[in-house]
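Novice: One structure, pasted below without further comment.
Just so it is clear, none of the values below were taken in a lab; they were calculated from the coordinates. Quick caveat: nothing in here was measured; it's all calculated off a predicted structure. Neighbour counts run over all protein chains shown; Cβ positions are idealised from the backbone, glycine included.
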Amino acid sequence: MIQYREFAEKGWQIGSGPTEACCKTLTQGLKGSGLRWDADNAEALMALESLRQSDLWKKYWTNRLPQTT
């Protein structure tokens, strides 16, 4: 159950608008003319695009890739 007051006090989004807008922008990259994606590749592409749009690309890969010396 969403604790609306607590979430609002923390500045967290409690409406569906931001989520719906994010879904729309993430799927735009899948809808180009002539593009065909199977479910696995579409999901992977959307995961990568969400990292890019959230400015977490570098942080994600810095934490995921093994450190080299």
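Novice: Are there DSSP H segments in the chain that both extend 15 Å or more along their axis (alpha-carbon positions) and score a mean Kyte-Doolittle hydropathy of at least 0.0? List them, or say none. Mind dumping the intermediate values first?
Specialist: Details: long enough: 17-28 (17 Å, -0.37); 39-53 (21 Å, -0.15).
Qualifying helices: none.
Novice: Also, I was wondering about something else. Full extension from F7 to A21: what is 0.36 nm times the residue separation minus their Cα-Cα distance, to one decimal in nm?
Specialist: Fully extending the segment from F7 to A21 adds 3.1 nm.
Novice: Now for a different question. For the chain, what ratio Rg/Rh do Cα atoms give with a Kirkwood hydrodynamic radius?
Specialist: Details: Rg = 16.3 Å, Rh = 14.8 Å.
In the chain, Rg relative to Rh is 1.10.
Novice: Related question: Order 47-56, 27-36 from most to least packed using the mean count of other Cβ atoms within 10 Å.
Specialist: 47-56, 27-36
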